[in-house]
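Read the structure below first, then the notes.
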Amino acid sequence: MEIRVLQYFMAVARHENITKAAEELHLTQPTLSRQLSDLEDELGAQLLVRGKRKTQLTEAGLIFKARAQEILSLTEKTKEQFAKMDELVAGDIYIGAGETQAMACVAKVLAPLRRSYPHIQFHLVSGNEDLIYDSLQKGLLDFGLVCRADAPRTYVFRRIPHDDAWGLMMRADNPLAVKEAVQRADLLQEPLIVSEQAMKHHELDHYFGSAAEKIEVAGTYNLLYNTIFFIEAGMGSALCFKGMADAVGSSRGLVFRPLDPVIRSANYVVWRRDQVFSRAGRLVVAALEEVFSHHA
């Protein structure tokens with residue numbers, strides 16, 4: 001399977017038309033069709049349904065498209081890194097992170113590095129913990145920032161000196177908004193929109209104990225911003241971090257109240273134990289180690 005054939009396939013997927021894709025690629029239509037047929041034969045699966053006016057992806061084609069995007073992204077990243085190896089210190093650093101104010105701590109470490117080495121470029125990818133770990137393993141990310149109750153010991157990790165406190169983001173007319181803090185019993189009466197990560201790690205089970213089965217989960221989220229529209233529509237209130245609630249909810253007239261007793265989640269910057277870093281990556285590791293290595 002050649003990279004150029006993956007590019008051919010992605011062009012057809014983008015245009016949904018073999019003729020237009022062939023024009024973009026400066027190929028004849030029969031040549032492009034033959035390359036795609038050879039690809040299907042190699043995979044043993046039909047990727048495309050060829051119509052007179054439109055070419056559509058099959059279910060297998062949709063799966064292959066996702067894999068092709070990952071391969072081409074990694075290929076491009078590799079080319080960028082090697083193209084800049086002759087420069088003194090340059091390169092691209094990819095950092096995946098969830099929504100947390102702990103990123104401010106990381107940014108303070110990286111900002112002086114960027115001023116000293118202006119040819120280093122930092123690329124931020126937002127996503128939940130599963131996406132970050134998956135992308136780290138595939139080599140699509142160099143570093144990840146994850147928020148969790150316990151240390152991610154399968155990775156090299158350094159704890160960030162910022163813990164996120166959980167609370168409830170709700171409409172201002174919610175009866176709970178008049179309280180200074182929200183108790184467990186209050187949450188049992190409220191439809192909740194909950195982080196997928198919190199559900200996966202059973203954080204609500206730990207917090208509520210035997211009462212967890214009484215929780216009404218109205219929905220889940222992996223990134224918080226779009227959740228505010230569900231809250232505004234009266235679908236429920238969101239369990240989330242204070243800092244992010246202040247950032248995305250206050251401008252919409254939503255309010256945040258902390259939990260009592262409080263739930264706190266720690267933040268860790270992580271990277272693979274077998275990661276081979278560029279010179280730019282090694283500088284980032286050194287900067288992170290210098291600032292965060294003493295935090296328990």
* Asked: Checking Arg34 against (1) touching a residue at least 24 places away in the same chain (Cβ under 8 Å); (2) open to solvent by 30 Å² or more (accessible area, probe 1.4 Å), which single condition isn't satisfied?
  -> (1)
* **Restricting region 56-110 to residues that are more than 30 Å from Thr19 (Cβ to Cβ) and of a type in the set (Lys, Arg), the residue that is most open to solvent (accessible area, probe 1.4 Å)** => Lys108
* To do: Would you please name the residue that is surrounded by the most Cβ atoms within 10 Å (Cβ to Cβ), looking only at residues in region 232-258 that are over 20 Å from the mean Cα position of the chain (by Cα) and part of a helix (DSSP H, G or I)?
  => Gly249
* **Residue ID - surrounded by the most Cβ atoms within 10 Å (Cβ to Cβ), chosen from residues in region 187-211 that are touching a residue at least 12 places away in the same chain (Cβ under 8 Å) and farther than 25 Å from Gly98 by Cα** => Glu190
* Residues (of a type in the set (A, V, I, L, M) and surrounded by 20 or more Cβ atoms within 10 Å (Cβ to Cβ)) located in region 144-171 -> Leu145, Val146, Ile160, Leu168, Met169, Met170
* Asked: Quick one: would you say Gly253 is under 30 Å from Glu289 (Cα atoms) and in contact (Cβ under 8 Å) with a residue 60 or more places away in the chain?
  -> no
* Residues (outside any helix (DSSP H, G or I) and among the hydroxyl-bearing types (Ser, Thr, Tyr)) located in region 84-135 -> Tyr94, Thr100, Tyr117, Ser126
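Considering region 26-60 alone, what residues qualify as being assigned to a helix (DSSP H, G or I), more than 15 Å from Gln7 (Cβ to Cβ) and touching a helix residue (DSSP H, G or I) at 6+ places or on another chain (Cβ under 8 Å)? Please lay out each step first, then the result.
Start the filter on region 26-60 by keeping residues that are assigned to a helix (DSSP H, G or I), which leaves 29-43, 59-60.
With the extra rule that they be more than 15 Å from Gln7 (Cβ to Cβ), the set shrinks to 29-30, 33-34, 37, 40-43, 59-60.
If the condition is that a residue be assigned to a helix (DSSP H, G or I), more than 15 Å from Gln7 (Cβ to Cβ) and touching a helix residue (DSSP H, G or I) at 6+ places or on another chain (Cβ under 8 Å), then Gln29, Ser33, Leu43, Ala60 are the ones that fit.
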* Which of the residues spanning region 259-293 are among the basic types (Lys, Arg), exposed (fewer than 15 other Cβ atoms within 10 Å of the Cβ) and within 25 Å of Arg115 (Cβ to Cβ)? -> Arg282
* Structure fact -> Of the residues in region 134-157, those that are under 20 Å from Ala68 (Cα atoms), aliphatic (A, V, I, L, M) and out of contact with any Gly (no Cβ under 7 Å at 6 or more places or on another chain) come to Leu140
* To do: Kindly indicate which of Leu131, Leu141, Leu113, Leu176 is over 26 Å from Arg264 (Cβ atoms) and either touching a residue at least 60 places away in the same chain (Cβ under 8 Å) or surrounded by 17 or more Cβ atoms within 10 Å (Cβ to Cβ) (or both).
  => Leu113
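The values are calculated or read from the model by the stated rules, or taken from the named source; none is laboratory data. Note that the coordinates shown come from a computational prediction; the quantities given were computed from them, not determined experimentally. Every residue, glycine among them, receives a Cβ derived from its backbone with ideal geometry; neighbour counts consider all protein chains shown. Calculation scope for accessible area: heavy atoms of the full protein, side chains included, ligands and nucleic acids excluded. Shrake-Rupley method; radii C 1.70, N 1.55, O 1.52, S 1.80 Å.
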